[in-house]
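Below is one structure, written out as structure tokens; comments come after it.
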Amino acid sequence: MKEFEIAQKIGKELTEGQLQEAAAKALGVKPGMVGHVEIVRRSIDARQDILYRYRVQAYRQGEKFEPYRLAPYQDVHNAPAVIVVGAGPAGMFAALKLLQKGLRPIVLERGKDVERRKVDMARLSTKGVIDPDSNYCYGEGGAGAFSDGKLFTRSSKRGDIREVLHQLVAFGAHEDILIDAHPHIGTDKLPEVVKNIRSCIQEHGGEYHFDARVTDIEKIADGSFRVSAGENVFCAQKVILASGHSARDIYELFQRKGWALEAKGFALGVRVEHPQWQINQIRYHGKYQPFMPTAEYSFVQQVDGRGVFSFCMCPGGILVPSSTEDGTVVLNGMSNAARNSKWANAGVVVQIEPGDQPSTYEGPFALMDFQRDVERSMYRYVQEHGGTHPLMAPAQRMKDFCRGIVSKDLPKTSYHPGALSSPLHELLPENVAGRLRKAFPQVDRSMHGYYTNDALLLGVESRTSSTIRLPRNPETLEHVDVPGLYPCGEGAGYAGGIVSSALDGINCADKCSNF
Ligand SMILES: Cc1cc2nc3c(=O)[nH]c(=O)nc-3n(C[C@H](O)[C@H](O)[C@H](O)COP(=O)(O)OP(=O)(O)OC[C@H]3O[C@@H](n4cnc5c(N)ncnc54)[C@H](O)[C@@H]3O)c2cc1C
């Protein structure tokens, strides 16, 4: 097998003939001697001409080619059960791995199935009614179901990313995600994938329980667990706890039980919204054409000893309210598969380490309480200054923010609950606002045009990762105080994003399959 690269202008199809010819050249054989040819990666190169760069693997005729194969799912109707708390990426992929290992997942999800969940999210955006069990973070598919569905991750050391991508394709995602350098699914496609995963788990003998908020986890004398969810109690030898970074009640449960938990750094900042055409112009150096993929961006900077970075960028996306509690304003972003809205949004956040919060916040909940108070201060300011929607966000134009001026007017935004012109530069903690003020003009040096008053900053982007870690044994992945309990995914503090959470789910299920 030989690996080679071939480039093609975006908008022009790469033909079979071109591929065969390039493969023959790479292998040093006549075209008739080329066997299997496969594109393994596609990335955009916008440095001069706008190109797709393909990485291709070519095999000679007769040379063995092994396609990637997923392990089969077993019939687990009569198998030992494992309780999985949470049906987000970590929980769903843990449950799928349990099926492969011949174990019966019982999935307990506090929210609703993905279809009923859509109704609650519409109510959230239009009326500002927050259902504490069904919102942009909670419900089937977890925080990843109504998102951009970006699948890019740097966590290749956590496991085989191909396993996650191939499963997603098997459940309905487009095959392009297998080769794209920055794959994404889109919020219009994700619910179908999530439903197909559930059907597979149920057909093979697993269980799903919705409206099943876990309120207690008890370890009983024989070493097994009793897990209470509403009126019901579920029993199993092992529990995978994949409740996400917003399940503050689960952390409080750990505190009550005396089980170890520790404060963990997170990141705090704003959502930045530019007109998408500006980002297209910047990223494609003025050569953007409508047939080109909507441009994305990312950056990392160091400002005064802390990272300032873009987070979860949604090209052609919209801003959504992702609060899980009344009296708070939190924003996030999502996009359809076509990424075709007029806006580009991204979190731009500052790394917060334990100790960066004011000294009044102490103990394992210090950063969680700090995070919640910042979210509350956004809500309070807007409601005390004439907010017309319970989830309206405080907002400021980018240059006004950096100059410390309240904006006279605001540009249009995709954020349905609306934006109120506010002194975000004062509402954000100074160690965040000060670093953002320095970062935006610096970003402009590499992305000329980024620092503009056409860009709107909205507060607050705070649910970037967990503020708490549930410490686990690095070998067995069990909680250090509770053998048989596997803290998993983003909420455990060991993952961030859809793919890394899914990988962590796979790893936990793998470990707990040794009965
Ligand atoms: C709007 C939005 C857009 C995003 N976009 C992207 C993106 O494009 N790409 C990306 O990689 N990441 C994105 N993220 C982040 C990503 O969704 C998370 O990193 C990922 O979902 C974490 O997976 P998880 O399974 O660990 O937790 P979660 O997805 O948070 O899932 C946890 C699940 O547990 C359930 N649960 C919580 N408490 C309980 C309880 N007590 N009992 C029972 N069930 C409970 C919740 O309802 C939830 O379904 C986005 C997040 C949001 C909010």
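The values are calculated or read from the model by the stated rules, or taken from the named source; none is laboratory data. Just so we're clear, the structure is a prediction, and the values are computed from it rather than from any experiment. Cβ coordinates were reconstructed from backbone atoms using ideal geometry, including for glycine residues, and neighbour counts include every protein chain displayed.
Among the residues of the stretch 333-359, what is the count of those that are of a type in the set (Lys, Arg) and under 20 Å from the mean Cα position of the chain (by Cα)? Lay out the reasoning, then the answer.
We begin by selecting, within the stretch 333-359, every residue of a type in the set (Lys, Arg); these are 339, 342.
Imposing the further condition that a residue be under 20 Å from the mean Cα position of the chain (by Cα) reduces the set to 339.
Looking only at that region, the number is 1.
For the stretch 140-173, give me each residue that is in contact (Cβ under 8 Å) with a residue 60 or more places away in the chain, part of a loop (DSSP other than H, G, I, E, B) and not acidic (Asp, Glu).
Residues satisfying the conditions are 146, 147, 149, 151, 152, 153, 155, 159.
Among the numbered conditions (1) more than 16 Å from the ligand (Cβ to nearest atom); (2) part of a loop (DSSP other than H, G, I, E, B), tell me where residue 293 comes up short.
(1)
Are any residues in the stretch 470-500 in contact (Cβ under 8 Å) with a residue 12 or more places away in the chain and more than 13 Å from the ligand (Cβ to nearest atom), and if so, which ones?
Step one: list which residues in the stretch 470-500 are in contact (Cβ under 8 Å) with a residue 12 or more places away in the chain, which gives 470-472, 476-500.
Passing the criteria: 471, 472, 476, 477, 478, 479, 480, 481, 482, 483, 484, 485.
Only one residue in 356, 249 is of a type in the set (Asp, Glu), in contact with a Leu (Cβ under 9 Å, 6 or more places away or on another chain) and within 30 Å of residue 479 (Cα to Cα). Which one? If you could, list the steps in order and put the result at the bottom.
Working: 249 fails: in contact with a Leu (Cβ under 9 Å, 6 or more places away or on another chain).
356 is the lone residue from the list that is of a type in the set (Asp, Glu), in contact with a Leu (Cβ under 9 Å, 6 or more places away or on another chain) and within 30 Å of residue 479 (Cα to Cα).
Of the residues 134, 125, which is more than 11 Å from the ligand (Cβ to nearest atom), more than 15 Å from the chain's Cα centre (by Cα) and surrounded by 17 or more Cβ atoms within 10 Å (Cβ to Cβ)? Spell out the reasoning first.
Numbers: 134 fails: more than 11 Å from the ligand (Cβ to nearest atom).
Selected residue: 125, the only one of 134, 125 that is more than 11 Å from the ligand (Cβ to nearest atom), more than 15 Å from the chain's Cα centre (by Cα) and surrounded by 17 or more Cβ atoms within 10 Å (Cβ to Cβ).
With respect to residue 390, is the statement that it is surrounded by fewer than 24 Cβ atoms within 10 Å (Cβ to Cβ), more than 16 Å from residue 128 (Cα to Cα) and more than 16 Å from the ligand (Cβ to nearest atom) true?
Values: surrounded by fewer than 24 Cβ atoms within 10 Å (Cβ to Cβ): yes; more than 16 Å from residue 128 (Cα to Cα): no; more than 16 Å from the ligand (Cβ to nearest atom): yes.
No; evaluated as a whole, the condition is false for this residue.
Against the definition (more than 30 Å from residue 235 (Cβ to Cβ), free of Cβ contacts under 8 Å to residues at least 40 places away in the same chain, among the charged types (D, E, K, R) and in contact with a Pro (Cβ under 9 Å, 6 or more places away or on another chain)), how does residue 21 come out, yes or no?
Yes.
Quick one: in the stretch 296-312, which of the residues that are part of a strand (DSSP E or B) and free of Cβ contacts under 8 Å to residues at least 40 places away in the same chain is surrounded by the fewest Cβ atoms within 10 Å (Cβ to Cβ)?
In the first step, residues of the stretch 296-312 are kept if they are part of a strand (DSSP E or B); the result is 300-303, 306-312.
Checking which are free of Cβ contacts under 8 Å to residues at least 40 places away in the same chain leaves us with 300, 302, 310.
Values: 300: 10, 302: 13, 310: 19.
Once the filter is applied, the top-ranked residue is 300.
Take the residues in the stretch 234-253 that are over 24 Å from residue 131 (Cβ atoms) and out of contact with any helix residue (DSSP H, G or I) (no Cβ under 9 Å at 6 or more places or on another chain); name whichever of them is farthest from the ligand (Cβ to nearest atom). Give the steps one after another, and end with the answer.
So the first thing to find is which residues in the stretch 234-253 are over 24 Å from residue 131 (Cβ atoms), and the list is 235-240.
Checking which are out of contact with any helix residue (DSSP H, G or I) (no Cβ under 9 Å at 6 or more places or on another chain) leaves us with 235-239.
Details: 235: 16, 236: 15, 237: 19, 238: 16, 239: 11 Å.
Step by step, filter the stretch 234-253, then rank; the result is 237.
In the stretch 97-122, how many are within 14 Å of the ligand (Cβ to nearest atom), part of a helix (DSSP H, G or I) and in contact with a Lys or Arg (Cβ under 8 Å, 6 or more places away or on another chain)? Show your work before the answer.
Start the filter on the stretch 97-122 by keeping residues that are within 14 Å of the ligand (Cβ to nearest atom), which leaves 97, 105-114, 116-118, 120-121.
Checking the rest, the ones that are also part of a helix (DSSP H, G or I) come to 97, 114, 116-118, 120-121.
Add one more test, that the residue is in contact with a Lys or Arg (Cβ under 8 Å, 6 or more places away or on another chain), and what stays is 114, 120.
Residues that pass the stated criteria total 2.
State whether one or more residues within the stretch 455-471 are more than 24 Å from the chain's Cα centre (by Cα) and surrounded by fewer than 23 Cβ atoms within 10 Å (Cβ to Cβ).
Going residue by residue through the stretch 455-471, those that are more than 24 Å from the chain's Cα centre (by Cα) are none.
Checked the stretch 455-471: no residue is more than 24 Å from the chain's Cα centre (by Cα) and surrounded by fewer than 23 Cβ atoms within 10 Å (Cβ to Cβ).
Quick one: residue 361 ticks every box in (1) crowded, with 24+ Cβ neighbours inside 10 Å; (2) assigned to a loop (DSSP other than H, G, I, E, B) bar one, so which box is it?
(1)
Search the stretch 38-52 for residues being over 26 Å from the mean Cα position of the chain (by Cα) and not in a loop (DSSP other than H, G, I, E, B), and hand back the single one that is farthest from residue 11 (Cα to Cα).
In this case the residue turns out to be 38.
Any chance the stretch 235-250 includes a residue that's modelled with pLDDT under 95, on the phi > 0 side of the Ramachandran plot, in the same structural domain as residue 487 (by TED's automatic domain parsing) and part of a loop (DSSP other than H, G, I, E, B)?
Among the residues of the stretch 235-250, not one is modelled with pLDDT under 95, on the phi > 0 side of the Ramachandran plot, in the same structural domain as residue 487 (by TED's automatic domain parsing) and part of a loop (DSSP other than H, G, I, E, B), which makes the answer no.
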